[in-house]
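The next block holds one structure in the form of structure tokens; read it before the comments.
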Amino acid sequence: MTQSFSSFPIFSDKVNQYWLPEGDRPQPGLYRIVTDAGLPSSRSVMLLDPAGSGGFLTLLPEIARRAGLQPGSDVDAHTLFEALRLADVRLNGADHLFYFSKKEQQLLRDESFTATVRQLTADDADAFATFVSEAPEDDMDEAFVELDHWLVFGCFVEGRLVSAASMYPWSGTSFADLGVITLPPFRGRGFGRQTVRAIGAQALKLGYEPQYRCQPDNVSSVRLAEASGFSRFGTWDVIRSENE
């Protein structure tokens with residue numbers, strides 16, 4: 001039996017209007033072909049799989065013509081990926097897209113946070129530098145947490161910064177893209193969750209939509225997103241650049 005859309009989280013209009021083309025959604029297993037002449041080269045092909053429905057392939061008109069894909073048509077996955085292969089279009093690899101549902105956003109707005117979780121400023125440079133020196137290098141590269149980002153929060157244990165999250169406005173939108181790192185000895189104790197929720201609450205107060213992205217095989221990151229109250233909106237993939 002097909003699960004109804006009503007059983008899935010309700011996201012803000014901001015999220016739905018940005019990601020979902022107007023009109024009905026395609027049925028699960030199918031992809032709606034959408035052309036957009038205004039796409040930048042870095043996103044000239046985008047594949048969106050929203051939870052609970054079929055997906056959308058949005059691409060430049062000339063690439064659609066090259067791939068033999070008709071705008072407005074619904075195609076199955078095999079047809080879609082074969083068309084992209086014949087057009088020599090390679091995708092980069094999907095990311096999960098997480099957002100707070102409308103219900104969770106209201107809970108965040110009413111939530112209180114302990115004094116151990118707070119916004120970081122330039123005055124926290126020494127504590128942040130120590131944090132970076134103790135964090136795994138691969139985690140720092142992947143999470144992209146920086147003290148000079150638009151919004152930065154941290155969680156302290158006995159004066160030591162053990163978890164940090166930062167946000168920056170994403171791609172000219174009012175989405176605030178989030179990265180978070182917790183030092184390995186302090187994982188599994190809720191510090192990352194507290195930090196994520198605190199920075200998410202502040203972003204909402206400032207009129208931004210918190211956005212959490214991670215690769216599907218990053219199990220620990222997926223678990224943190226869900227533990228922090230995020231719901232999966234879908235997966236999103238883009239064309240691979242020539243340098244990758």
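In table form, for the structure just shown:
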item	result
Extended-chain gain in nm, criterion 0.36 nm per residue less alpha-carbon gap, T130 and Q70	16.2 nm
Contact order normalised by residue count of the stretch 5-89, Cα under 8 Å, 6+ apart, percent	31
Computed over the chain: relative contact order in percent, which uses C-alpha pairs under 8 Å that are six or more apart	25
Antiparallel bridges, percent of DSSP beta bridges restricted to the stretch 5-89 (to nearest 5)	60
Antiparallel %, DSSP beta bridges [both residues in the chain], to 5	80
Lys, Arg +1 and Asp, Glu -1 on Cβ, resulting dipole of the stretch 98-232 about Cα centre, debye, nearest 20	760
Nitroxide proxy distance, nm - points 7 Å out along Cα→Cβ at D139 and D13	4.0
Helix-only [θ]222 nm of the chain, DSSP H runs n ≥ 4, -39500 (n - 2.57) each, per residue, nearest 500	-8500 deg cm²/dmol
For peptides 123-132, 153-162, sequence by mean Cβ density within 10 Å, most packed first	153-162, 123-132
Mean Cβ neighbour count within 10 Å, used as a protection proxy, ranking 96-108, 8-20 highest first	96-108, 8-20
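The numbers here are math on the coordinates, done by the rules we state, and not lab data. None of these values were measured; they are calculated from a predicted model. When we count neighbours, we look across all protein chains shown, and the Cβ atoms used for this are built from the backbone with ideal geometry, even at glycine.
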